[in-house]
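*Asks:* Structure provided below as structure tokens; questions to follow.
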Amino acid sequence: MSQLTSFFALPTPGPFVGRRRLLAALRAELARPSALVLLSGEPGVGKSRLVAESLEDSGRPVVVAHCDDLREPQPLGPLLDGLRVAHTTGTLPPMRTPDAEAGVLARLLPSLADRLPPAPAPLLDLDAERARLLRAAAALLAALAPMVLALEDLQMADPATLQLLDHLGAFAVPGLTILITVREGELPPGWHPGPALRRLRVPPLTRPEVRRLGSALLEGSDAGALAGHLYERTAGIPFLVEEVVRSLLTDGGAGADRPHPDRLADLAVPALLRDVLVARLQGLDEAAREILGAAAVLGQAADPWPLAAIVQAEEDTITAALQQARAAGLLHQREGRLWFRHTLARQVVHELLPPVTRRLLHLRTARLLEDQQPRPYARLAHHYREAGSQADHVRNAEAAAGLATARGDDGTAARFLLGAVESPDVPRRVRARLAVKLGRSAIESVAQASAIPVLRELIADRRLPPGARGELGLALGRMLRQQGEARAGYEEIERAVPYLRHHGTRARALAVLSAPDTVADRHLAEHQARWTEAAAAAARSGDPSAVLAVEIARLSLLLESGDPTAGHAVTAAAAGLAGHPRERARACLNWAQGALHVGDTTLAATMLATGSRLVDDADYERLRPVVELTSFGLDLAVDRRAGLEQRLLRFLARPYRLPLAMADARLYLARLRYRQGDVEVAEQGLREVIAEADRVGAAWPLIPARTALAELLLARGERAEGRAEAAAALALVDVKGLPAWGREAARLLSRTATAVTG
């Protein structure tokens, strides 16, 4: 067995059939500089085998990272484990001296610590720490390049690993090739790969290819008579073809007594892998079947010691049972350990266990893991859930979420909390506590889309405690807003405010409601009233951060309303926030956007420069998309077009970074294309922005989109339609009470009226 085959957890490989053209295409992709390739396909279709074949004899070092949703919460866990294994096996590429940033990994990779720069002190800001971790990983990979990073089973990747792929796609590392496998249709929720990613699908084998594979497995005999049965029953999945043929050979005899293919064709070919394994399991004695079932509960590897503890038998008995299973073709040996031949095989053996036995084995496994230190919370949560012990499952899932949160992995924390909240028969009080934690974790993670329906269902429960209702409503409202659902998010926060008990939290929620650029059907006077309530709540809280948030909201409101004193006030406030870098960065970017809304490009440029510098200095990664979006608006406002279209397209290709900004970016792109003379495409883009903004009830970009469409139509000579759009924009301005937003629409109407008069 080759070293690569071993790395990819493959059994002794069968013939490589029907993949030559796909293999050539994959190798061509991998030959590109800094290639980033994703292979998708059904389980058992041969993705890992294709990866191993494509890298065999390539002359490039390979680090294999296996994603596993039962790994304990650790950002970049698959990569870190892959590097550890490569170091242990002596296959880690030679390392040049990495950049100083790679020292962040010294604490996480102690075996490599002596080859890494000194570990810097941890940052207090988790956002900055996460960004630094991504750069450290990129720096280490750069020091190891040229090399291939093979990432298996992306559907189980942690959020940080997905963010690293996003980072490496946007900022390619010279000499680093990345090859990813994922189950078909199971891309991680919320992850949308950028344009650098090339995709290849691994299809099932065709009928002729199944015949060739069957013939090769029969050691040269023609499988023609059998091929039709094989193809129909296995759907062309190579692993199933191999298992069926091996099963038929075992049933029909071996060696000289092996039946001719024509006789094999008369045998009943199993329709599913389940039938194959049932037949093989019947050849084991009862004790061996129980031990193999316990191995399926444990995982892909079948190790004697834990099995002995779980089934309460002597290790000699366990060893004998495992050898029976190996002789029956249920296990294979690799690196001195016995493994299931494929994840599918393990899953089927697990499902074949009687439910009572399966629950008991999971419970015993959990009890065994309870003694491990540090406690494997993720695996404990899994085994207790499978055992039907809901209270223990929830307890460990909550602990795993806490560990993930402490390590800055909100997305993984949200995943565990989602599983716990959705557990049946969880007491209402516990569910409310978990849901509040879920709201806090999911608010800044890719888990938002999954968390939103759960939070909606919980809030609909009239028995929900008031405090939890307020917390969950606020979290849900913020998530909806971040997903671009302006009106729904605003109204959810409105409903949550009366239930918020903590004055500081209440003040921040009211400050959000005071922002006038959120919804189309609230007048400036309502936003001002919300700000007054926010100021009172902040004063009662005695929380300096709440007071600061409310003051920032006041200045934003002043700026958006077109107050002539706003520019001076905002500039002075920005200087006064020097001791609060995060708040200052957010405020400056908000004020830059507000200045663009009212046409003050000088103030917008000043605020953007300050905000951008703060984001760069402190690694506020989550604010980078805001910097980019604001720079697009400013460049368009001052007619700085060079490279703008390409930047906008790159931004729109990664919508998951800031979903709420996509409509604004599409508005900017449409306006840019109009200026470039691509009128039809611009008109279509503007109408799409208007439809979407109208659907979600967003005042911005609805008003400027209608104004831009009015300009386009008027320039094309469609006077009535153009005036109607400008009037519609001004009507929205009147509803909002923000005349500064309607200056351009008013100018268009005035100009056309003058033309008519003249």
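The values are calculated or read from the model by the stated rules, or taken from the named source; none is laboratory data. Everything quoted here is computed from the prediction, not taken from an experiment. Cβ sites come from the backbone with ideal geometry, for glycine too, and all protein chains shown count toward neighbours.
*Asks:* Taking the stretch 284-309 only, how many residues are over 22 Å from His342 (Cβ atoms) and either assigned by TED's automatic domain parsing to the domain that holds Leu360 or within 38 Å of the chain's Cα centre (by Cα) (or both)? Steps first, please.
*Replies:* Going through the stretch 284-309, the residues over 22 Å from His342 (Cβ atoms) turn out to be 285-287, 305, 308-309.
After this cut, where a residue has to be either assigned by TED's automatic domain parsing to the domain that holds Leu360 or within 38 Å of the chain's Cα centre (by Cα) (or both) as well, the list is 305, 309.
So the count comes out to 2.
*Asks:* Out of the residues in the stretch 44-61 meeting the condition of being outside any helix (DSSP H, G or I) and touching a strand residue (DSSP E or B) at 6+ places or on another chain (Cβ under 8 Å), tell me which one is surrounded by the most Cβ atoms within 10 Å (Cβ to Cβ). Outline the logic, then answer.
*Replies:* Just the residues of the stretch 44-61 that are outside any helix (DSSP H, G or I), to begin with: 44-46, 56-61.
If we keep only those that are touching a strand residue (DSSP E or B) at 6+ places or on another chain (Cβ under 8 Å) too, we end up with 58, 60-61.
Numbers: Ser58: 14, Arg60: 14, Pro61: 17.
Residue satisfying both the conditions and the ranking: Pro61.
*Asks:* Within the stretch 87-122, work out how many residues are of a type outside the set (S, T, N, Q) and in contact (Cβ under 8 Å) with a residue 60 or more places away in the chain.
*Replies:* The number of residues fulfilling the criteria is 0.
*Asks:* Tell me whether the stretch 207-225 contains one or more residues that are over 15 Å from the mean Cα position of the chain (by Cα), in a loop (DSSP other than H, G, I, E, B) and under 19 Å from Arg21 (Cα atoms).
*Replies:* no
*Asks:* While we're on this one: Regarding Tyr384, is this residue of a type in the set (Phe, Trp, Tyr), out of contact with any Cys (no Cβ under 7 Å at 6 or more places or on another chain) and in contact (Cβ under 8 Å) with a residue 40 or more places away in the chain?
*Replies:* Against the criterion (of a type in the set (Phe, Trp, Tyr), out of contact with any Cys (no Cβ under 7 Å at 6 or more places or on another chain) and in contact (Cβ under 8 Å) with a residue 40 or more places away in the chain), Tyr384 does not qualify.
*Asks:* Of all residues in the stretch 715-729, count the ones that are crowded, with 21+ Cβ neighbours inside 10 Å and either under 19 Å from His527 (Cα atoms) or aliphatic (A, V, I, L, M) (or both).
*Replies:* Residues in the stretch 715-729 being crowded, with 21+ Cβ neighbours inside 10 Å and either under 19 Å from His527 (Cα atoms) or aliphatic (A, V, I, L, M) (or both): 2 in total.
*Asks:* Just for the stretch 166-195: of the residues that are modelled with pLDDT of 85 or more and among the small types (Gly, Ala, Ser), which one is farthest from the chain's Cα centre (by Cα)?
*Replies:* For the stretch 166-195, the residue satisfying everything is Gly175.
*Asks:* Got at least one residue in the stretch 449-461 being more than 27 Å from the chain's Cα centre (by Cα) and modelled with pLDDT under 95?
*Replies:* Yes.
*Asks:* Kindly provide the set of residues from the stretch 598-630 that are more than 23 Å from the chain's Cα centre (by Cα), surrounded by fewer than 19 Cβ atoms within 10 Å (Cβ to Cβ) and within 27 Å of Asp166 (Cβ to Cβ), ordered by number.
*Replies:* Matches in the stretch 598-630: Ala609, Arg613, Asp616, Asp617, Ala618.
*Asks:* Here's another thing I want to ask about it. So how many residues does the stretch 28-43 have that are part of a loop (DSSP other than H, G, I, E, B), small (Gly, Ala, Ser) and more than 24 Å from the chain's Cα centre (by Cα)?
*Replies:* The initial filter retains those residues of the stretch 28-43 that are part of a loop (DSSP other than H, G, I, E, B), namely 31-35, 42-43.
Checking the rest, the ones that are also small (Gly, Ala, Ser) come to 31, 34-35.
Still in the list and also more than 24 Å from the chain's Cα centre (by Cα): 31.
Adding up the residues that qualify gives 1.
*Asks:* Mind checking which residues of the stretch 401-411 are within 16 Å of Ala160 (Cα to Cα) and either of a type outside the set (Ser, Thr, Tyr) or in the same structural domain as Gly77 (by TED's automatic domain parsing) (or both)?
*Replies:* Matches in the stretch 401-411: Ala401, Leu403, Ala404, Ala406, Arg407, Gly408, Asp409, Asp410, Gly411.
*Asks:* Sticking with this structure for a sec: Just to be sure I understand, how many residues within the stretch 639-659 are outside any helix (DSSP H, G or I), out of contact with any Pro (no Cβ under 6 Å at 6 or more places or on another chain) and touching a residue at least 24 places away in the same chain (Cβ under 8 Å)?
*Replies:* 3
For every residue, the table says whether it meets (1) in a loop (DSSP other than H, G, I, E, B); (2) in contact with an Asp or Glu (Cβ under 9 Å, 6 or more places away or on another chain); (3) at pLDDT below 95.
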residue	(1), (2), (3)
Arg622	no, yes, yes
Pro625	no, no, yes
Ser631	no, no, no
Leu634	no, no, no
Ala661	no, yes, yes
Leu667	no, no, no
Tyr674	no, yes, no
Val681	no, no, no
Gly685	no, no, no
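*Asks:* Among (1) surrounded by fewer than 22 Cβ atoms within 10 Å (Cβ to Cβ); (2) in a loop (DSSP other than H, G, I, E, B); (3) at pLDDT below 90; (4) in contact with a helix residue (DSSP H, G or I) (Cβ under 8 Å, 6 or more places away or on another chain), there is one condition Pro117 misses while meeting the rest; what is its number?
*Replies:* Going through the list (1) surrounded by fewer than 22 Cβ atoms within 10 Å (Cβ to Cβ); (2) in a loop (DSSP other than H, G, I, E, B); (3) at pLDDT below 90; (4) in contact with a helix residue (DSSP H, G or I) (Cβ under 8 Å, 6 or more places away or on another chain), Pro117 breaks only (3).
*Asks:* Would you confirm, using the coordinates I've provided, whether Ala578 is assigned to a loop (DSSP other than H, G, I, E, B), hydrophobic (A, V, I, L, M, F, W, C), more than 29 Å from Leu667 (Cβ to Cβ) and not assigned by TED's automatic domain parsing to the domain that holds Asp125?
*Replies:* yes
*Asks:* Could I ask something else about it? On the basis of being surrounded by fewer than 23 Cβ atoms within 10 Å (Cβ to Cβ), touching a Cys at 6+ places or on another chain (Cβ under 7 Å) and touching a residue at least 12 places away in the same chain (Cβ under 8 Å), does Asp166 make the cut?
*Replies:* In short, no.
*Asks:* Restricting to the stretch 586-620, and then to whatever is over 22 Å from Leu667 (Cα atoms) and assigned to a loop (DSSP other than H, G, I, E, B), can you tell me which residue is modelled with the lowest pLDDT?
*Replies:* Here the residue is Asp619.
*Asks:* Val598 passes all but one of (1) in contact with a Ser or Thr (Cβ under 7 Å, 6 or more places away or on another chain); (2) β-branched (Val, Ile, Thr); (3) farther than 30 Å from Ala136 by Cβ; which number fails?
*Replies:* (1)
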